[in-house]
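K.L.:
The structure under discussion is supplied below as structure tokens; questions concerning it will follow.
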Amino acid sequence: MLRLRSLLPFAALIAVLVYAAPAPAQTIIDEWQSIKASPPPELKPVTLDPKTTALLVIDLIKQTCNDQRRPRCVASIPRIAKLLTAARASGVTVIYTLFPSPSPATFPNPVITDYLPPVAPKGDEPVVTSFVDKFILGDKDTGLQKLLKDKGITTVVPVGTVAHNGVLFTSVAAALRGFGVVVPVDGMSGNDAYEEQATAHILTTSIVYKVTLTGIDMIKFQ
């Protein structure tokens, strides 16, 4: 009995320490439902020099940009077609991209004729092939940087799908290579609105690279 009484103060101390200890830090998964979206980034009007601007059209092919798989992409096509028309009329360089199939046995490698007709390339507009960063394929250079430099391009305007893959990674890669990057938010599409929101947030909150967000109707070439 005496021994039990002598242990009681230690038990009480342990209990105090346990309850006073801070709760384990929550993970992002624990906080997921309670997170409030940050204020939307500002869209800025831009005036671009056609001689030093390139429009990068990213992966708008029938296999992945259709009503069944990605309706938000289909909805963006008329807007991108409008931008393409204005860019070509002003003499802007237009460059297309494709991606290699991750599983050629079940998904044949896309070809340039898979592009949706309203946004398909014309004449000899160049094409580069890569996954999400259109400057690099594996450990190989796709030639995109040299193509831009040889044409005197200082600003790129990426449009296409998917927002959180090709548009995001190519925009960041371009910015890190010293190019100005202008992304029209109504010219990028994801599988859902969250992917587009996340892309817009990531592109505009870095202290390492700079990207300007705009809208297609806010772009002028002159």
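The values are calculated or read from the model by the stated rules, or taken from the named source; none is laboratory data. Since the structure is predicted, the reported quantities are computational estimates derived from the model, not experimental observations. Cβ coordinates were reconstructed from backbone atoms using ideal geometry, including for glycine residues, and neighbour counts include every protein chain displayed. In case anyone asks, the SASA skips ligands and DNA or RNA and just uses the protein heavy atoms, side chains included. Shrake-Rupley method; radii C 1.70, N 1.55, O 1.52, S 1.80 Å.
K.L.:
Mind telling me which of the residues Pro78, Pro104 ends up being surrounded by fewer than 14 Cβ atoms within 10 Å (Cβ to Cβ), farther than 16 Å from Val157 by Cβ, of a type outside the set (Phe, Trp, Tyr) and in contact (Cβ under 8 Å) with a residue 24 or more places away in the chain?
P.N.:
Values: Pro104 fails: in contact (Cβ under 8 Å) with a residue 24 or more places away in the chain.
Exactly one residue qualifies, and that residue is Pro78.
K.L.:
Looking at (1) in contact (Cβ under 8 Å) with a residue 12 or more places away in the chain; (2) within 26 Å of Gly215 (Cβ to Cβ); (3) out of contact with any strand residue (DSSP E or B) (no Cβ under 9 Å at 6 or more places or on another chain), find the lone condition where Ile136 falls short.
P.N.:
Of (1) in contact (Cβ under 8 Å) with a residue 12 or more places away in the chain; (2) within 26 Å of Gly215 (Cβ to Cβ); (3) out of contact with any strand residue (DSSP E or B) (no Cβ under 9 Å at 6 or more places or on another chain), only one is false for Ile136: (2).
K.L.:
Out of Arg79, Arg72, Arg88, report the one residue that is in a helix (DSSP H, G or I) and in contact with a helix residue (DSSP H, G or I) (Cβ under 7 Å, 6 or more places away or on another chain). Full working, then the answer.
P.N.:
Working: Arg72 fails: in contact with a helix residue (DSSP H, G or I) (Cβ under 7 Å, 6 or more places away or on another chain); Arg88 fails: in contact with a helix residue (DSSP H, G or I) (Cβ under 7 Å, 6 or more places away or on another chain).
None of the others qualify; the one that does is Arg79.
K.L.:
Are there strands (runs of 3 or more DSSP E) fully within the stretch 116-211 with at least 1 residues that are open to solvent by 60 Å² or more (accessible area, probe 1.4 Å) and out of contact with any Gly (no Cβ under 7 Å at 6 or more places or on another chain)? List them.
P.N.:
Details: elements: 127-129, 155-161, 180-184.
Once the strands (runs of 3 or more DSSP E) in the stretch 116-211 are filtered for at least 1 residues that are open to solvent by 60 Å² or more (accessible area, probe 1.4 Å) and out of contact with any Gly (no Cβ under 7 Å at 6 or more places or on another chain), what remains is 127-129.
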